[in-house]
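Report on the structure given below.
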Amino acid sequence: MPTTSLWSGVAVAMQSALSAPDTITAISKANPGVVSSTSHGMANGAFAVLDVLGMGQVDDRVFRVANQAANTRERGGENTTS
C-alpha cells in the first residue's frame, strides 16, 4: 500500500487574475537580461511569463521581475548573453 505524506504549516497563494499583456521591444544579451517594454507597470518580485517569437530560450518561461524601471525590468538573474 502506498504511503501518503501530508504537509503541515505550508501556505499556498495563487494569483486570481492576470495583467494585460504588453509588447516587448527588446531583450538584452546580458547577465542578467533586461526586458524593454513601454510602461510595463510590473513591480519587483512579480512573476512574468514571456511569449517571445524567435527567442526560444525564454519563450513560455516564468521569470521574476527585478530592478524595474519605467520601461525596463531585469529577468531575475537570468543570463541572456547567449
field: J(HN,Hα) series, segment 20-36, from Karplus relation 6.51 cos²θ - 1.76 cosθ + 1.60, nearest Hz, glycine and proline x
entry: 5, x, 10, 8, 7, 9, 6, 10, 6, 9, 8, 10, x, x, 10, 9, 10
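Between ASP51 and SER8, what is the FRET efficiency for a Förster distance of 25 Å, r being their Cβ-Cβ separation, to the nearest 0.05?
0.10
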message: How far apart, in nanometres, would the label points at ASN31 and SER19 be if each is projected 7 angstrom from Cα along the Cα-to-Cβ direction?
response: 2.8 nm
message: Skipping prolines and chain starts, which residues have an amide H placed within reach, meaning under 5 Å, of the one on GLU78, given they are 5 or more residues away or on another chain?
response: GLY33
- request: May I ask for the net charge around ASN44, where only other residues with Cβ less than 14 Å from the Cβ of ASN44 are counted and Lys, Arg are +1 while Asp, Glu are -1?
  value: +2
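Could you work out the percent of alpha carbon pairs in the chain separated by over 18 Å, rounded to a whole number?
47 percent
None of the figures in this text is laboratory data; all of them are computed from the coordinates on show. Quick caveat, the model's predicted, so the values are computed rather than measured. Positions of Cβ are generated from backbone atoms using ideal geometry, with glycine treated the same way; all protein chains shown enter the neighbour counts.
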